[in-house]
Amino acid sequence: MKCKCGGDMILRFNKKCNCQFYGCSNYPSCKNTMVADKEGNPIGAIADDELRALRKKLSDLLYEYFGSGYHWADTCEIANFLQNETGKPYVSRLNKEEVTNLLNKIAKDKIVSENNT
Ligand SMILES: [Zn+2]
């Protein structure tokens with residue numbers, strides 16, 4: 001699997017979350033990553049800075065809507081919402097198009113109040 005920069009996406013291990021992910025062989029100059037499952041199969045799309053920023057924006061909006069904090073019950077509701085909308089339970093597995101669509105949908109439906117900007 002090739003990174004957008006031409007480097008190779010290499011399977012790595014994250015001790016913090018005890019999980020595997022793909023990182024670019026040109027790290028640290030390229031910080032693109034991709035989620036992997038327990039067997040090390042790649043999931044979703046390669047995340048560059050732009051996609052990471054969009055995912056962060058989306059997850060912030062979701063947490064704002066579904067709960068006041070990073071509580072497991074909120075995470076469960078968010079997973080159900082994402083599963084219904086995209087067929088994938090995690091923001092980290094969404095590609096740019098899916099994240100953009102959800103951001104637009106949330107803005108359109110005004111399910112998130114914008115009074116704390
Ligand atoms: Zn790269």
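Coordinate-derived values only; no laboratory data. Quick caveat: nothing in here was measured; it's all calculated off a predicted structure. Every residue, glycine as well, gets a Cβ built from its backbone with ideal geometry; the counts of neighbours run over all protein chains shown.
Quick grid of which residues meet (1) touching a residue at least 12 places away in the same chain (Cβ under 8 Å); (2) more than 16 Å from the ligand (Cβ to nearest atom); (3) not in a loop (DSSP other than H, G, I, E, B):
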site	(1), (2), (3)
Cys5	yes, no, no
Ile10	yes, no, yes
Phe13	no, yes, yes
Cys17	no, yes, no
Gly23	yes, no, yes
Pro28	no, no, no
Lys31	yes, no, no
Met34	yes, no, yes
Ala45	yes, no, yes
Discussion item. Any residue that is within 16 Å of the ligand (Cβ to nearest atom), loosely packed, with under 14 Cβ neighbours inside 10 Å and part of a helix (DSSP H, G or I) - is there at least one of those in region 83-92?
Written reply: no
Worksheet item: How many residues are more than 16 Å from Asn95 (Cα to Cα) and buried (at least 20 other Cβ atoms within 10 Å of the Cβ) if we restrict to region 17-45?
Response: 2
Item to complete: Please state which of the following conditions Ser59 fails to meet, knowing it meets all the rest: (1) under 17 Å from Asn95 (Cα atoms); (2) in contact with a strand residue (DSSP E or B) (Cβ under 9 Å, 6 or more places away or on another chain).
Response: (2)
Response to the item:
Going through (1) in a helix (DSSP H, G or I); (2) away from the ligand (no atom under 16 Å from the Cβ) one by one, Glu50 fails only at (2)
